[in-house]
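Here the structure comes first, spelled out in structure tokens, and everything after it is commentary.
None of the figures in this text is laboratory data; all of them are computed from the coordinates on show. Keep in mind that what you see is a predicted model, and the values were worked out from it rather than measured. Please note: Cβ atoms are built from the backbone with ideal geometry, for glycine as well, and neighbour counts cover all protein chains shown.
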Amino acid sequence: MKALEPRVSIGLPTYNRPDLLSLVLEAFRQQTFSQFELIISDNASPNPEVRKLCEHYANIDARFRYVRQPVNQGAEKNFWFVYDQARAPLFLWASDDDLWPADFLERGVRALEGKPNASAWFCQVVNINMRGEVVREYPSFKRFQSTILKPLDLIRFLWEPEIMGKANLIYSIFRRQALARIVDIFRERPPTWGNDMNLVYGYLCRYNLIVDDQLTLQKRVPIEVVDSVPIPRSQIYPREEREVYFESYRCAAAGSGYRLFTAAVLAARSAYDYAASGRAATDYENSDFEDWRLRTLRDFENWKAHVSGFAMRNLARIRARLPGSWGGK
């Protein structure tokens, strides 16, 4: 009997953590939706247990395909590799330490089949620690669901502080053919901070996202406790990364009709962030900035005195040349 063609391709880059990877592989074996392929790309892990584990699952489940890279090619190239190996019309990037509910694929496929105008599907997210305990919850990701007002959708995404989890949308189920256009934009660009958010934004400029508010993906973080975030705007992109991070957003929007719009929103956000994040206050308190401010004020006063003296001298010369009361003759 001929095996059914996969309807979902899952790309799983991995490196050197067999204990967590075993939980991930078992989570996908337990999925209620069975028509998928899982592409595991081992980025030359030095721990032999990774290879042993992956070969075991590939032997017992024909849907699992294991590729071991001969050398470590870097995280981003491994990320693109699993995408390039995909065959199904739907595609999902998976991390090698997260946990998916058993009906994750089933609900995602059903949602996209029921809404052909939607091009990606996502759910809710919580963070778990290494013991599997929930350490952080997020506001509903329904806030990123596409509406008929795409400019407002894009503003909402761009304006959101990075700490609030919008990068997690990279783990959506995408229509692979639609995703190809965005992948081509970023594949040739050097890896930079925030590329996952840039890629998602490029997708949202062109396509629609639907969000399930009843299902939760457990994203693992390598810390025991996550501190509360009372002021999200204080935890945004690193200051030194802003220029490249924003330029990548503009590149993501190129060709979609939203590049100039994106540039305008980012210009407004940059000014707002500088004040609202506390960076302006920090700069003001910095002695170097204060010295610069005082020096600038002195320079301005000197310039004003120079311009005023120049104007008065020239006015006096003009008056001297005029007849009558102006010239004194």
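Quick notes on this one:
- Working note: Karplus 6.51/-1.76/1.60 with θ = phi - 60° gives the range 58-72 the couplings 5, 6, 8, 9, 5, 6, 9, 10, 10, 10, 9, 6, x, 9, 5 Hz, where Gly and Pro are set to x.
- Debye, to nearest 20: dipole size of the chain, +1 on Lys, Arg Cβ, -1 on Asp, Glu Cβ: 1820
- Ordering Met312, Ile173, Asn195 by Cα displacement along the dipole of the chain toward the positive end leaves Met312 in first place; charges were set at the Cβ atoms of Lys, Arg (+1) and Asp, Glu (-1).
- On the beta carbon distance between Ala320 and Leu297, with R0 = 45 Å, the FRET formula returns roughly 0.80.
- Helix 18-29 and the longest principal axis of the Cα set of the chain meet at an angle near 70°.
- Here's the picture: a label point sits 7 Å out from the Cα of Leu20 along the beta-carbon direction, and within the range 198-229 the residues with their amide nitrogen under 13 Å of it are 218-224.
- Alpha carbon Rg of the range 173-215, scaled by the compact-globule rule 2.2 N^0.38 Å: 1.28
- Here the Gaussian network model covers the chain, with springs between Cα atoms less than 10 Å apart; of Leu99, Leu112, Leu297, Leu297 fluctuates the most.
- R0 of 51 Å, Cβ-Cβ distance Asn47-Ala275: FRET efficiency to nearest 0.05: 0.60
- In degrees, nearest ten, helix 259-276 long axis to first principal axis of the chain (Cα): 70
- With contacts taken as Cα pairs under 8 Å at a separation of at least 6 residues, the range 113-225 carries a relative contact order of 52 percent.
- Label positions at Gln85 and Leu149, each projected 7 Å from the Cα along the C-beta direction, are separated by 4.4 nm.
- Calculated FRET efficiency for the pair Ser234/Thr32, C-beta based, R₀ 45 Å, to 0.05: 0.60
- Sequentially through the range 129-145, phi angles give Karplus couplings (6.51, -1.76, 1.60; θ = phi - 60°) of 8, 5, 8, x, 8, 5, 10, 7, 10, 10, x, 4, 6, 4, 5, 9, 5 Hz, Gly and Pro residues having no value and appearing as x.
- Once the Cα atoms are used to define both axes, helix 287-321 deviates from the longest principal axis of the chain by about 30 degrees.
- Of every Cα-Cα pair in the chain, the percent that sits beyond 28 Å: 52
- Value of Rg to Rh for the range 117-207, rounded to two decimals, is 0.98; Kirkwood radius and Rg both from alpha-carbon coordinates.
- Near the amide H of Val135, within less than 5 Å, lie the amide hydrogens of Asn127, Ile128, Asn129, all on another chain or at least 5 residues away, with H placed in the peptide plane.
- Whole-Hz couplings from phi, Karplus 6.51/-1.76/1.60, listed for the range 198-214; x for Gly and Pro: 4, 5, 4, 4, x, 5, 5, 5, 10, 9, 10, 10, 10, 10, 8, 9, 10
- The chain: relative contact order in percent, alpha carbon pairs under 8 Å with at least 6 residues between: 17
- For Val211, residues with placed amide H under 5 Å, excluding near neighbours: Phe122
- Panel values: the range 73-232, Kirkwood radius from alpha carbon pairs, Stokes-Einstein at 25 °C and 0.890 mPa s, translational diffusion coefficient 148 µm²/s.
- Footprinting exposure proxy for Glu247, Glu240 (fewest neighbouring C-beta atoms within 10 Å first): Glu240, Glu247
- √(5λ) per eigenvalue of the Cα gyration tensor, the range 1-147, largest first, Å: 25, 20, 15
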